């Protein structure tokens, strides 16, 4: 059976695979675990699916070519997509800005911000338009 993807999405097949892993984890775990526990489960899911990923990837933040600090991505998937995970009910502006800043710093195009909530997995696709 051929899958039909929205043609204007960035990396649709890989995105759907990632989201599928997140939903599978929620179906098996449910709500209430800590972020690092969901992170470990995501790593198991990514390995099982054969998706190339790196975990806790350091990115250097600079200003005028001077090092300021290091931030860490939860996951960098296939050197294309940043996956940041959170536990709790609401997406905050701070979380969205965090992912967008990571995209700008890495010059990547797509980030997925995922939350494990009481009612299921919620996610936002964040696009670097620059």
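The values are calculated or read from the model by the stated rules, or taken from the named source; none is laboratory data. Everything numeric here is computed off the predicted structure, so don't read it as measured data. Virtual Cβ from ideal backbone geometry, glycine too; neighbours counted across all protein chains shown.
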Within region 44-75, residues being over 22 Å from residue 97 (Cα atoms) and in contact with a helix residue (DSSP H, G or I) (Cβ under 8 Å, 6 or more places away or on another chain) number 5
Among the strands (runs of 3 or more DSSP E) contained in region 34-101, which hold 1 or more residues that are more than 24 Å from residue 117 (Cα to Cα) and within 15 Å of the chain's Cα centre (by Cα)?
53-63, 66-77
Is it the case, given these coordinates, that residue 20 is farther than 24 Å from residue 130 by Cα and surrounded by 11 or more Cβ atoms within 10 Å (Cβ to Cβ)?
yes
Picking from 119, 92, the residue that is over 24 Å from residue 51 (Cβ atoms) and touching a strand residue (DSSP E or B) at 6+ places or on another chain (Cβ under 9 Å) would be 92
Take the conditions at pLDDT below 95 and either in a loop (DSSP other than H, G, I, E, B) or over 18 Å from residue 79 (Cα atoms) (or both) and apply them to residue 22. Does it pass?
no
